[in-house]
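Here the structure is laid out as structure tokens; the discussion comes afterwards.
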């Protein structure tokens, strides 16, 4: 949803930043892997209980995620493997961040938070997998509200503003799994219409 509504409004700025990165010799794959490294650090920060700083690092990593696509286009280095690598590394990044939060919850004795985070991990991975698998069968399955960009922004807000953290976990747990189910039902409907 954000990619369709917000991205066009900031596309020129992102292209300018990507041009600067290209002039400095950074490749799209380096940016992708660098973002994953920052997300690993983010998970470690979350696990150590520093939620505010984890939120800051999560947003920094998200900036890299926004720029790897424009950098690939501007540098003329778009490739199927690059797109595949980006999507695959995003799953690792999601795990690093959410595992860090799960450790924080477990170490603090917050079983309810821990279970919600497990639900968010499941919903996030099924949302991504459902889209990838469905698009082998139907042209497009980008339906649902809780795509990766939305999840990252909501999670960052919840950790930057701690009083809303528990509410954020509920929203993400329900939202990610609702999006996964939406994609499953959308694929079923489209496949039924093909018969």
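The values are calculated or read from the model by the stated rules, or taken from the named source; none is laboratory data. Keep in mind that what you see is a predicted model, and the values were worked out from it rather than measured. Using ideal geometry, Cβ is built from the backbone for each residue, glycine included, and neighbour counts are taken over all protein chains shown.
Segment 1-98 holds helices (runs of 4 or more DSSP H) entirely within its bounds, and those carrying 1 or more residues that are over 16 Å from residue 148 (Cα atoms) map to 7-23, 28-47, 51-75. Would you call residue 5 at pLDDT below 95, crowded, with 22+ Cβ neighbours inside 10 Å and out of contact with any strand residue (DSSP E or B) (no Cβ under 7 Å at 6 or more places or on another chain)? The answer is no for residue 5. Per the conditions (1) within 28 Å of residue 53 (Cα to Cα); (2) out of contact with any helix residue (DSSP H, G or I) (no Cβ under 7 Å at 6 or more places or on another chain), the sole criterion not satisfied by residue 155 is (2). Suppose the filter is buried (at least 19 other Cβ atoms within 10 Å of the Cβ) and under 19 Å from residue 162 (Cβ atoms); does residue 71 pass it? In short, no. Screening residue 101 against (1) touching a helix residue (DSSP H, G or I) at 6+ places or on another chain (Cβ under 9 Å); (2) under 20 Å from residue 170 (Cα atoms); (3) not in a helix (DSSP H, G or I) leaves a single unmet condition, (3).
Among the residues of segment 169-190, those that are more than 27 Å from residue 156 (Cα to Cα) and in contact (Cβ under 8 Å) with a residue 12 or more places away in the chain comprise 184, 186, 187, 190.
As a summary of the residue check, residue 161 satisfies the conditions (1) without any contact (Cβ under 8 Å) to a residue 40 or more places away in the chain; (2) farther than 26 Å from residue 57 by Cα; (3) exposed (fewer than 15 other Cβ atoms within 10 Å of the Cβ) except for the one numbered (2).
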